[in-house]
Each structure stands twice: as structure tokens, then as C-alpha cells.
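Participant: Shown below is the structure under consideration.
The values are calculated or read from the model by the stated rules, or taken from the named source; none is laboratory data. Small disclaimer: the values here were computed from a predicted structure and weren't measured. With ideal geometry, Cβ positions are generated from the backbone for all residues, glycine too; neighbour counts draw on all protein chains shown. Each accessible area value is taken on the protein alone, full model and side chains, heavy atoms only, with ligands, DNA and RNA left out. Shrake-Rupley method; radii C 1.70, N 1.55, O 1.52, S 1.80 Å.
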Amino acid sequence: MYRQLQQLFQMFGDSVRDLLPIIVVITFFQLVILKQPIPDLGGILVGAVFVILGLAIFIRGLNLALFPLGEALAYDFARKGSVLWLLLFAFALGFGTTIAEPALIAVADKAAEVASLGGMIKGDLAARQAYATGLRYTVAFSVGIAIVIGVLRILRGWSIQVVIIGGYIGVMIMTAFAPKEIIGIAYDSGGVTTSTITVPLVTALGVGLASSIKGRNAMTDGFGLIALASLTPMMFVMAYGMFF
């Protein structure tokens, strides 16, 4: 019982430590630079407590559930020896985790709102929802493809430098031809995919897979899937803007 309480307080302490720089920066600029009182201080303090509690519980949940689950699935697929099922699982994992990302949902909704105001799409609710949904599915599909490429890289031993550099060359080429209205959204889409749901499961999959395959090293081969998951959405969203 004492050990569990000790771990609980340690988690809260770690959350406070992680959030303290943000709190200090905001407080300094609000009081010293802007010289304005903090609005709704009570509400902000209550919200900060909720954030600290949520972050502590979320990190604990990652360590207890998502990381072990991803590694266990990778081990099981490696023992099964079916490359096809492994690749299908990799695509489904990338697609499913991305489509559920809260950050992607928020960015897609905001992009649809701005596109409507800018006259790129119709201003009605149905048009905005269709635009946001199409953007989300495009990003999710691209992340699924990225995880498949990443798994193949681990299986085949491809150089991650070659894959990443080649991908960014493709991004730069597509940037020259994509509509200017979609470029910023495409670049931001690469960042929002690597968030709270996708990162733990995908990282655990890569590390677990590399650890279970003879001749692969978890440190050098297991990481890098997230880099690919950040890269492909930029290309796919620019293609989405060019063709649709």
C-alpha cells in the first residue's frame, strides 16, 4: 500500500515538473511583460490541477497498457511468421490510431472552417464536414502506409536515412506543385498525427518487432516509425489538395 502511494505521488510530482516551465513562461509574460492580471485565476488553477492529474494518469496508463500491448502484438506476429498479416495489422494500427487522434480532429475541423471562410469550399455545414472528414481519412490512410513501410524497413533492414531523405525530397518536389492553400495544412498534418494515441502503440510495435527478429536491434531498427508517420501525411494531403 505504501509503495503504491509512493508511486502515485511520484507520478504527480513528475507531472508538475513537466508542466512547470509552461506555467512559469505564461505567468511571466502575463504579469511582467503584458502587466495584466491573470483572468479567471480560480478557473485556471482548477484546470491546471485537472491537467496534472490527467497527465499523470495518462502516462501511467501508457506504461501499464499501451506499451506492453504493442510489444506483445509485435512478438506474436513475429512468431506467427506471416508477413502479410503483419503488414495488414501495421496498416490497420496506423489508420485506426490516427483517425481517433483528438489533435487531428481539431485541426481538420479548423481547416474546414478556414477553407469555408476563404471560399475554397461551400459555407454550409455539410461541406465543412465533408472537407474535414476527407482530410482526416487522407491523413489516416497515409499513416497506415507509413507504418507498413516502416515495418518493411525493419524486416528488410533498409537504411532509415535513405528512406527519410528520399521522402523529404518527395515532399519538397510536391510543395512546388501543390496549391498554396493546402501546403500549410499538409505540413501541420504531419505533426498532429504523432500525438497521444498513435505514438505509444506505433513505438511499441517497432521496438517489439525489432526485438523479436534475429539480426535486428531494438535501438537502431525499432525506432523511426514515428518519423515516417510524420512524413507521409504531408505528401498525401498535398496530393489531396491537388486532385480533390
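Participant: Out of the total accessible area of the chain (probe 1.4 Å, heavy atoms of protein only), what percent is carbon and sulfur? Write down the numbers at each step before the final one.
Facilitator: Values: 9880 of 13860 Å².
Percent of accessible area from carbon and sulfur atoms in the chain: 71.
Participant: Quick one: accessible surface of residue 113, probe radius 1.4 Å, all protein chains present, in square angstrom to the nearest 10.
Facilitator: 80 Å²
Participant: Going through the range 165-229, which trypsin sites (Lys or Arg not before Pro) have at most 13 other Cβ atoms within 10 Å and a DSSP loop state?
Facilitator: Passing both the DSSP loop test and the Cβ count: 214.
Participant: Order 31, 205 by their accessible area, 1.4 angstrom probe, all chains in place, largest first.
Facilitator: Numbers: 31 85, 205 0 Å².
Listed by decreasing accessible area, they come as 31, 205.
Participant: Name the lysines eligible as straight-distance cross-link partners of residue 180: C-alpha to C-alpha under 27 Å, and not fewer than 8 places from it in the same chain.
Facilitator: The qualifying lysines are 110, 122.
Participant: Further question: Modelled label-to-label distance, residue 12 and residue 152, 7 Å Cα→beta-carbon offset: nm?
Facilitator: Going by the 7 Å Cα→Cβ label model, 5.0 nm.
Participant: For the chain, what is the accessible area per residue in Å², given a 1.4 Å probe and the full set of protein chains?
Facilitator: Details: 13860 Å² over 244 residues.
It amounts to 57 Å² per residue over the chain.
Participant: Could I ask something else about it? If a/c stays under 1.5 just call it rounded; otherwise compare a/b with b/c (prolate if a/b is bigger, oblate if not). Do that for the range 54-113, with a ≥ b ≥ c from the square roots of the Cα gyration tensor eigenvalues.
Facilitator: Values: a/c = 6.93, a/b = 1.41, b/c = 4.90.
Oblate, since a/c reaches 1.5 and b/c is not below a/b.
Participant: A further question on this structure: When the chain is fully extended, how far beyond the present Cα-Cα distance does residue 126 get from residue 49, taking 0.36 nm per residue of separation? Show your work: numbers first, answer last.
Facilitator: On the way: separation 77, 0.36 × 77 = 27.72 nm, distance 3.77 nm.
Full extension from residue 126 to residue 49 adds 24.0 nm.
Participant: Follow-up question, since we're still on this one. Apply the a/c threshold of 1.5 to the C-alpha gyration tensor of the range 117-162 and tell me whether it is rounded, prolate or oblate.
Facilitator: Details: a/c = 8.93, a/b = 3.52, b/c = 2.54.
The shape class here is prolate.
Participant: If I histogram all Cα-Cα distances within the chain using bins 5 Å wide from 0, what percent of pairs lands in each bin?
Facilitator: Answer for the chain: a P(r) of 1, 6, 11, 13, 13, 13, 13, 13, 9, 4, 2, 1, 0 percent.
Participant: Also, I was wondering about something else. Suppose every K and R has +1 on its Cβ and every D and E has -1 on its Cβ; what is the size of the dipole of the range 1-99 about the Cα centre, in Debye to the nearest 20?
Facilitator: Working: 6 positive and 5 negative charges, 26 e Å.
With only Lys, Arg, Asp and Glu charged at Cβ, the dipole is about 120 debye.
Participant: Moving on to the next point. At 0.36 nm per residue, minus the direct Cα-Cα distance, what do residue 20 and residue 114 gain on full extension? Give it in nm, one decimal, please. Don't skip to the answer; put the middle values down first.
Facilitator: Working: separation 94, 0.36 × 94 = 33.84 nm, distance 3.32 nm.
Residue separation times 0.36 nm, minus the Cα-Cα distance, leaves 30.5 nm.
Participant: Right, here's the next one. Rounded to the nearest 500 deg cm²/dmol, what is the calculated helix-only ellipticity per residue at 222 nm for the chain, with -39500 (n - 2.57) per DSSP H run of length n ≥ 4?
Facilitator: -27000 deg cm²/dmol
Participant: What is the mean projected area of the alpha carbon convex hull for the range 1-132, to one decimal in square nanometres?
Facilitator: Projected area, direction-averaged: 14.4 nm².
Participant: What number, in percent, do you get for the relative contact order of the chain if the mean sequence gap of Cα pairs under 8 Å and at least 6 apart is divided by its residue count? Walk me through the intermediate numbers first.
Facilitator: Working: 279 pairs, mean separation 60.7, N = 244.
Once divided by the residue count of the chain, the mean separation gives 25 percent.
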